[in-house]
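For reference, the structure discussed in these notes is given below.
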Amino acid sequence: MTQDMLLGNEEPSKSKETFLEKFCVLAKSSTGAALLDVIRQALEAPNVFVFGELLAEPSVLQLKDGPDSKYFETLNLFAYGTYKEYRAQPGKFIELTPAMQKKLQHLTIVSLAIKAKSIPYALLLSELEIDNVRHLEDIIIEAIYADIIHGKLFQNTRILEVDYAQGRDIPPGYTGHIVETLQAWVNSCDSVSNCIEMQIKYANAEKSKRLLNKESVEKNLIDLKKRLKSQTSDSDESMQIDTHGPGTSGGLGQSELRKKPSKLRNPPSAAGNHKFSK
């Protein structure tokens, strides 16, 4: 046997209620010992794990307050109870055959699997009143092959991980509790939905603020570029005026310098131009 056993990977089969139909039909037309025999057959049948419809048959209901009330109580135990309840008051029920006891143990595993998806071996050993781990694993594997649970056995950690569990019969008056549970779930969903809606509104408002801030920053940036460009243009024009305009120190401009006649390079000396007479 491997350390981890993965079992029951197939899809859940059709409802086990279909296997109960023939017993319901037989119960309609049976009384006395024949009816009791129908109940025993249903309790031992390997494919029958729900009993609500059979319990609701008028002929079966009549057993509740009669001398054969143990049959009604036993059928009620298989519909809603557990193996530990049977062990606590065995005199309240009919004597169970080994096949019946094993089925009740399987149904007890289903009840535990409905409540929790991770079930310790210790809890299973206690609820099924088994003191041998190997025997416990055999019971679990039988339940898996009966298609009432799917799961995986972790032998190292001694845990049963449940992937699927067949539902059991709903006790009378329990529908009100189901309605309350569903209503609480709906209220919780509404609360979560409102919270998400508020978060969406807040996110949209923040997005709008950031877009407006982005537009403002971009506009200011464009205005700043325009001002810088204008200041650069004014500075260039001022430099051109200083370079080409008249001097401020009283000197002559280039155009005036071009108009002024130049002096003779070698002016005649005064002594060479005079004649002396005797």
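The values are calculated or read from the model by the stated rules, or taken from the named source; none is laboratory data. On a predicted model such as this, the values are computed, not experimentally measured, just so you know. Note: ideal-geometry Cβ built from the backbone for every residue, glycine included; neighbour counts use all protein chains shown. What goes into the accessible areas is simple: the full protein's heavy atoms, side chains included, and nothing from ligands, DNA or RNA. Shrake-Rupley method; radii C 1.70, N 1.55, O 1.52, S 1.80 Å.
Return a yes/no flag: does region 57-77 have any residue that is open to solvent by 40 Å² or more (accessible area, probe 1.4 Å) and closer than 22 Å to E127 by Cβ.
Yes - at least one qualifying residue is present in region 57-77.
Identify the single condition in (1) part of a helix (DSSP H, G or I); (2) under 21 Å from R40 (Cβ atoms); (3) among the small types (G, A, S) that A113 does not satisfy, given that it satisfies every other one.
Result: A113 passes all but (2).
Scan region 24-55 for residues that are of a type outside the set (V, I, T), in a loop (DSSP other than H, G, I, E, B) and surrounded by 14 or more Cβ atoms within 10 Å (Cβ to Cβ) and jot them down. Don't jump to the end; show me each part of the working.
Of all residues in region 24-55, those of a type outside the set (V, I, T) come to 24, 26-30, 32-37, 40-47, 49, 51-55.
Then drop every residue that is not in a loop (DSSP other than H, G, I, E, B), which leaves 29-30, 45-47, 49, 51.
Once the filter is applied, which keeps residues that are of a type outside the set (V, I, T), in a loop (DSSP other than H, G, I, E, B) and surrounded by 14 or more Cβ atoms within 10 Å (Cβ to Cβ), region 24-55 yields S30, A45, F49, F51.
For E21, are the conditions met, namely being out of contact with any Phe, Trp or Tyr (no Cβ under 9 Å at 6 or more places or on another chain), surrounded by fewer than 14 Cβ atoms within 10 Å (Cβ to Cβ), at pLDDT below 90 and in a helix (DSSP H, G or I)?
On the way: out of contact with any Phe, Trp or Tyr (no Cβ under 9 Å at 6 or more places or on another chain): yes; surrounded by fewer than 14 Cβ atoms within 10 Å (Cβ to Cβ): yes; at pLDDT below 90: yes; in a helix (DSSP H, G or I): yes.
Against the criterion (out of contact with any Phe, Trp or Tyr (no Cβ under 9 Å at 6 or more places or on another chain), surrounded by fewer than 14 Cβ atoms within 10 Å (Cβ to Cβ), at pLDDT below 90 and in a helix (DSSP H, G or I)), E21 qualifies.
Being touching a residue at least 24 places away in the same chain (Cβ under 8 Å), of a type outside the set (D, E, K, R), part of a helix (DSSP H, G or I) and outside the structural domain of A146 (by the TED database) narrows it down to one of L75, L124, so name that one. Explain how you work it out, then say what you get.
Numbers: L124 fails: outside the structural domain of A146 (by the TED database).
Just one listed residue meets the conditions, L75.
Out of (1) surrounded by 10 or more Cβ atoms within 10 Å (Cβ to Cβ); (2) at pLDDT below 85, what's the single condition that is false for N194?
If we test N194 against (1) surrounded by 10 or more Cβ atoms within 10 Å (Cβ to Cβ); (2) at pLDDT below 85, just (2) comes out false.
Go through region 81-99 and give me each residue that's farther than 24 Å from Y145 by Cβ and open to solvent by 50 Å² or more (accessible area, probe 1.4 Å).
Our first condition is that a residue be farther than 24 Å from Y145 by Cβ; within region 81-99, this holds for 85, 87-95.
Matches in region 81-99: E85, R87, A88, Q89, P90, G91, K92, E95.
Please list, ordered by first then second residue, the pairs with beta carbon atoms under 8 Å, 6 or more apart or interchain, first in region 166-183 and under 28 Å from I144 (Cα atoms) and hydrophobic (A, V, I, L, M, F, W, C), second at pLDDT below 80 and open to solvent by less than 90 Å² (accessible area, probe 1.4 Å).
Between residues of region 166-183 that are under 28 Å from I144 (Cα atoms) and hydrophobic (A, V, I, L, M, F, W, C) and residues that are at pLDDT below 80 and open to solvent by less than 90 Å² (accessible area, probe 1.4 Å), the close pairs are I170/I178.
Determine, yes or no, whether R210 is modelled with pLDDT of 90 or more, at positive phi and surrounded by 10 or more Cβ atoms within 10 Å (Cβ to Cβ).
Working: modelled with pLDDT of 90 or more: yes; at positive phi: no; surrounded by 10 or more Cβ atoms within 10 Å (Cβ to Cβ): yes.
No.
Looking at (1) touching a helix residue (DSSP H, G or I) at 6+ places or on another chain (Cβ under 9 Å); (2) part of a helix (DSSP H, G or I); (3) among the β-branched types (V, I, T), find the lone condition where I119 falls short.
Here I119 clears every test but (2).
Out of (1) surrounded by 10 or more Cβ atoms within 10 Å (Cβ to Cβ); (2) among the polar types (S, T, N, Q); (3) in contact (Cβ under 8 Å) with a residue 60 or more places away in the chain, what's the single condition that is false for N156?
Evaluating N156 over (1) surrounded by 10 or more Cβ atoms within 10 Å (Cβ to Cβ); (2) among the polar types (S, T, N, Q); (3) in contact (Cβ under 8 Å) with a residue 60 or more places away in the chain leaves (1) as the failure.
(1) open to solvent by less than 60 Å² (accessible area, probe 1.4 Å); (2) under 24 Å from L77 (Cβ atoms); (3) not aromatic (F, W, Y): which one isn't true of K115, the others all being true?
All conditions are met except number (1).
Search region 101-120 for residues that are polar (S, T, N, Q) and pair each with any residue that is open to solvent by less than 20 Å² (accessible area, probe 1.4 Å) when their beta-carbon atoms are under 7 Å apart and the residues are at least 6 apart or on different chains.
The qualifying pairs are Q105/Y83; Q105/L128; Q105/I139; T108/Y83; T108/L128.
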